[in-house]
Amino acid sequence: MSNVHVLDHPLIQHKLTYIRKNDTGTKEFRALVDEVSMLMAFEITRDLPLEDITIQTPVTEAVTKVISGKKIGLIPILRAGLGMVDGMLKLIPAAKVGHVGLYRDPETLTPTEYYIKLPSDIDERELIVIDPMLATGGSANDAIHSLKKRGATNIKLMCLIAAPEGVEVIQQEHPDVDIYLGALDEKLNEKGYIIPGLGDAGDRLYGTK
Ligand code: URA
């Protein structure tokens, strides 16, 4: 079973409340998503391996820590995933960024891949798939299958908000993928929206509706 980590840091929870509010406008919504993404990046990278190096401080030589080896790849699912990339890059500036485009049929809710462009060495990277809303789980599930098909072996999934239905899909299909959430909500409605959720993340990020 995948592990589910709800990142309940007070700052994340506080900002998520304002992200959810209907009267939060595009500019503020985007800024809050950026801030929450940065805070989530901090938590998600908690287990990165460290190694010792010897440095010279102004007063002495010292053995101190740096992050060892692990290279990170951020994989936002278009288009809403893009809204979380800059916040993460503030903490992980050397990460490479791949993109997966999936179109969700509004009637059947089935995802279809229309674009994929990845770093060439995804098999050597720890990949963080970014999908703000884990609703049916269809898009994230497909994206993770695509990455595995191309050689990825080390994948985490990061979402602002998830529905239990989506979490269950990822747990069943990808027991090796840890899931990091800002919140685990109640359910999906009949249109595939997360309840209480925040509405359509892409529309709210980009002011389209
Ligand atoms: N995608 C969204 O943007 N919002 C939802 O509630 C579900 C899927």
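The values are calculated or read from the model by the stated rules, or taken from the named source; none is laboratory data. Everything numeric in this text was worked out from a predicted model, so none of it was measured. Here Cβ is always computed from backbone atoms with ideal geometry, including for glycine, and neighbour counts include all displayed protein chains.
Scan the stretch 161-168 and tell me whether some residue there is among the hydrophobic types (A, V, I, L, M, F, W, C), over 30 Å from residue 70 (Cα atoms) and at pLDDT 95 or above. Walk me through how you get there before you give the answer.
As a first pass, look at the stretch 161-168 and keep what is among the hydrophobic types (A, V, I, L, M, F, W, C): 161-163, 167.
Filter once more, keeping what is over 30 Å from residue 70 (Cα atoms): 163.
Adding the requirement that they be at pLDDT 95 or above leaves 163.
Checked against the condition, which is being among the hydrophobic types (A, V, I, L, M, F, W, C), over 30 Å from residue 70 (Cα atoms) and at pLDDT 95 or above, the stretch 161-168 yields at least one hit.
Among the aliphatic types (A, V, I, L, M) and either in contact with a Lys or Arg (Cβ under 6 Å, 6 or more places away or on another chain) or farther than 18 Å from residue 144 by Cβ (or both): which single residue out of 48, 118 fits that description? Spell out the reasoning first.
Details: 118 fails: either in contact with a Lys or Arg (Cβ under 6 Å, 6 or more places away or on another chain) or farther than 18 Å from residue 144 by Cβ (or both).
Result of the check over 48, 118: 48.
Which of the residues that make up the stretch 1-27 are part of a helix (DSSP H, G or I) and either basic (Lys, Arg) or in contact (Cβ under 8 Å) with a residue 24 or more places away in the chain (or both)? Can you show your working first?
Step one: filter the stretch 1-27 for residues part of a helix (DSSP H, G or I), giving 10-20, 26-27.
Scanning the stretch 1-27 gives 11, 12, 13, 15, 16, 19, 20, 26, 27.
Count, please, the residues in the stretch 158-180 that happen to be touching a Pro at 6+ places or on another chain (Cβ under 8 Å) and more than 9 Å from the ligand (Cβ to nearest atom).
Filtering the stretch 158-180 down to residues touching a Pro at 6+ places or on another chain (Cβ under 8 Å) leaves 159-161.
Still in the list and also more than 9 Å from the ligand (Cβ to nearest atom): 159-160.
Counting residues in the stretch 158-180 that are touching a Pro at 6+ places or on another chain (Cβ under 8 Å) and more than 9 Å from the ligand (Cβ to nearest atom) gives 2.
Of all residues in the stretch 181-203, which are under 19 Å from the mean Cα position of the chain (by Cα) and within 8 Å of the ligand (Cβ to nearest atom)?
Here is the first cut: in the stretch 181-203, the residues under 19 Å from the mean Cα position of the chain (by Cα) are 181-185, 193-194, 197-203.
Those that are under 19 Å from the mean Cα position of the chain (by Cα) and within 8 Å of the ligand (Cβ to nearest atom): 193, 194, 197, 198, 199, 200, 201, 202, 203.
Scanning the stretch 96-139 for residues that are surrounded by fewer than 24 Cβ atoms within 10 Å (Cβ to Cβ), touching a Ser or Thr at 6+ places or on another chain (Cβ under 8 Å) and not in a strand (DSSP E or B) gives 105, 109, 123, 138. Among the residues making up the stretch 30-63, those that are touching a strand residue (DSSP E or B) at 6+ places or on another chain (Cβ under 8 Å), touching a residue at least 12 places away in the same chain (Cβ under 8 Å) and either farther than 20 Å from residue 157 by Cβ or not in a helix (DSSP H, G or I) (or both) are 48, 49, 50, 51, 52, 53.
Residue 112 meets the conditions (1) within 16 Å of the ligand (Cβ to nearest atom); (2) in contact (Cβ under 8 Å) with a residue 12 or more places away in the chain in every case but one. The failed one is (2). Once the stretch 148-157 is narrowed to residues that are under 10 Å from residue 177 (Cβ atoms) and not in a loop (DSSP other than H, G, I, E, B), the residue that is farthest from the ligand (Cβ to nearest atom) is 148.
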